[in-house]
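The values are calculated or read from the model by the stated rules, or taken from the named source; none is laboratory data. These numbers come from a predicted model, not from an experiment. Quick reminder, even Gly has a Cβ in these numbers, built from the backbone with ideal geometry, and neighbours come from all protein chains shown.
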Amino acid sequence: MTVAESLPDKNDPVWTAANGFVIRADEGVVKRLGHERITVKATGDRTDGAFAFMDGTVEPSHGNSPHVHTKENEAFYVLSGEFEFINVDQKFVAGPGDFIYIPKGTRHGFRNSGAEPARLLVFYTPAGPESFFLQNGQEEGAAIPLTREFYDGVVDQMAAHNIVLLPSDNDWT
């Protein structure tokens with residue numbers, strides 16, 4: 001192992017500041033939004049705005065509508081099940097171990113295309129959209145259908161989190 005010739009002083013924050021954190025498997029803020037159960041593990045408040053991280057379970061035939069994040073990149077890692085993704089005008093299926101990256105300003109969406117609940121990890125860089133789930137998701141309980149009335153009620157909040165809902169183009173047919 002090579003050590004730098006000039007090490008920081010022992011009073012330097014490199015040695016004294018414990019700024020990292022751990023969120024255990026059973027920790028995080030759990031919210032439901034439609035037929036998605038999201039556990040928010042890391043928020044921009046904890047990462048100095050650098051990124052956000054969520055763990056989601058999605059019921060069969062459900063997911064989110066096509067949308068765009070105007071300022072954040074979004075990435076997914078599929079843990080279980082099978083998801084159909086929209087990336088602009090392309091569709092593809094992703095399964096366990098697949099990683100999907102969606103740059104900001106890109107139309108996208110996903111849905112669980114399997115017969116069982118499916119699980120994925122969601123990353124945002126920089127952080128921001130996770131706050132939408134925290135502010136608009138419900139506590140544990142029965143799923144609230146994401147009706148037109150629901151979206152009409154949160155469209156301004158979506159815009160405040162740099163999320164623009166886009167029309168579906170019969171994406172899931």
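The table below lists the values:
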read-out: Residue list for segment 31-61, restricted to those being over 15 Å from Phe132 (Cβ atoms) and either of a type in the set (Asp, Glu) or in contact with a Ser or Thr (Cβ under 6 Å, 6 or more places away or on another chain) (or both); value: Arg37, Asp48, Phe51, Asp55, Glu59
read-out: Top-ranked residue of segment 146-173 - restricted to ones that are part of a helix (DSSP H, G or I) and of a type in the set (Phe, Trp, Tyr), ranked as nearest to Pro129 (Cα to Cα); value: Tyr151
read-out: Segment 69-89, subset among the aliphatic types (A, V, I, L, M) and at pLDDT below 95, residue surrounded by the fewest Cβ atoms within 10 Å (Cβ to Cβ); value: Val88
read-out: Answer residue from segment 92-104, given it is closer than 23 Å to Pro129 by Cα and out of contact with any His (no Cβ under 6 Å at 6 or more places or on another chain) and is surrounded by the most Cβ atoms within 10 Å (Cβ to Cβ) among those; value: Ala94
read-out: Complete set of residues in segment 139-158 that are surrounded by 13 or more Cβ atoms within 10 Å (Cβ to Cβ) and either out of contact with any helix residue (DSSP H, G or I) (no Cβ under 6 Å at 6 or more places or on another chain) or of a type in the set (S, T, N, Q) (or both); value: Ala143, Ile144, Leu146, Phe150, Val155, Gln157, Met158
read-out: Contacts under 8 angstrom Cβ, first residue in segment 157-171 being touching a residue at least 40 places away in the same chain (Cβ under 8 Å), partner in a loop (DSSP other than H, G, I, E, B) and among the small types (Gly, Ala, Ser), 6 or more apart; value: Asn162/Gly128
